[in-house]
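**Q** This is the structure I want to talk about, given as structure tokens.
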Amino acid sequence: MQTILVPPLMCSPSVYEPIIDTAWSRGAVTLADTRSDDSISAMAARILDDAPGQFALLGASMGGYVALEVVRQAPDRVAALALVSTTARADTSAQVASREGQSRMVEAGGFDALVDAVFGVIVAKQHENDASLLETWRRAARAVGADAFLRQQRAVITRADSLTLLPTITCPVVVIHGADDRLIPFAMGAEIASAIPGAELVTIADAGHFLFAEQPGAVDAAVGAFLDRVHSQL
């Protein structure tokens, strides 16, 4: 079964490097394009246009918003769903205001400055001074670039709330979340898992929002175990 990986906001697919081999060993792997559209619904429609009849879907952060929208548009085509470091809630007014401020900063030429500024929230507090993580984050963000980031911000700001969608999801689901996530708190992942019938919740210790880089081995193990469980049910 094909697995489609949907990247987070301001991140190239390189963030998924720790799990690529694990996913690929269980079937074909596709990396979704989240750079070309300025709405979550359009991103989801693009994935569905290119996807096979049924597939497994993994989305992290903004990729999780897109994954939930794919389920909304075509629930029968999603055979398995992994939601990582994400929330089903729409932005609050304060979050919208913050995103709009970030967008103005980028429009004024401050993309690189924004990338560095948000790093402290992307990782767990105990990893704030990890130079290797910072370089990994910079590479992933700069590959996206300012123009695509601005489209992604517009998409995230205008996304639909997905809380009422959660109880209708019937495919196998795993929710993976960093215990020390300061951008999207762990409680948001727990909320998703508790609302989807039969969903599994996996906590990644010593990890914030950038958990693929912070704890690659633990995330890889969680994704592999989930895909094995899905394949055993086919």
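The values are calculated or read from the model by the stated rules, or taken from the named source; none is laboratory data. All values derive from a computational prediction rather than experimental measurement. For neighbour counting, all protein chains shown are included, and Cβ atoms are generated from backbone atoms with ideal geometry for every residue, glycine included. Surface areas here come from the heavy atoms of the whole protein model, side chains and all, with no ligands, DNA or RNA. Shrake-Rupley method; radii C 1.70, N 1.55, O 1.52, S 1.80 Å.
**Q** Before we move on, is Ser41 touching an Asp or Glu at 6+ places or on another chain (Cβ under 7 Å), open to solvent by 10 Å² or more (accessible area, probe 1.4 Å) and either part of a helix (DSSP H, G or I) or charged (D, E, K, R) (or both)?
**A** It is true that Ser41 is touching an Asp or Glu at 6+ places or on another chain (Cβ under 7 Å), open to solvent by 10 Å² or more (accessible area, probe 1.4 Å) and either part of a helix (DSSP H, G or I) or charged (D, E, K, R) (or both).
Each row is one residue, and each column tells you yes or no for (1) farther than 24 Å from Gln215 by Cα; (2) part of a helix (DSSP H, G or I); (3) open to solvent by less than 20 Å² (accessible area, probe 1.4 Å).
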site	(1), (2), (3)
Val15	no, yes, yes
Pro18	no, yes, no
Ser36	yes, no, no
Ala45	yes, yes, no
Gly63	no, yes, yes
Leu68	yes, yes, yes
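**Q** Pull up segment 154-179, narrow it to residues that are among the hydroxyl-bearing types (Ser, Thr, Tyr) and more than 15 Å from the chain's Cα centre (by Cα), then point me to the one that is most open to solvent (accessible area, probe 1.4 Å).
**A** Thr170
**Q** Quick one: which of Arg72, Arg99, Arg89, Arg104 is closer than 16 Å to Met43 by Cα and charged (D, E, K, R)?
**A** Being closer than 16 Å to Met43 by Cα and charged (D, E, K, R) holds for just one of Arg72, Arg99, Arg89, Arg104, which is Arg72.
**Q** Have a look at Arg139, Arg151, Arg182 and point out the one that is part of a helix (DSSP H, G or I), within 19 Å of Asp116 (Cα to Cα), open to solvent by 50 Å² or more (accessible area, probe 1.4 Å) and of a type outside the set (Gly, Ala, Ser).
**A** Checking each option against the conditions leaves just Arg139.
**Q** Confirm whether Asp49 is under 24 Å from Trp137 (Cα atoms) and either open to solvent by 30 Å² or more (accessible area, probe 1.4 Å) or in a strand (DSSP E or B) (or both).
**A** no
**Q** Looking at segment 80-101, is at least one residue open to solvent by less than 40 Å² (accessible area, probe 1.4 Å), within 23 Å of Thr170 (Cα to Cα), part of a strand (DSSP E or B) and small (Gly, Ala, Ser)?
**A** Scanning segment 80-101 turns up at least one residue that is open to solvent by less than 40 Å² (accessible area, probe 1.4 Å), within 23 Å of Thr170 (Cα to Cα), part of a strand (DSSP E or B) and small (Gly, Ala, Ser).
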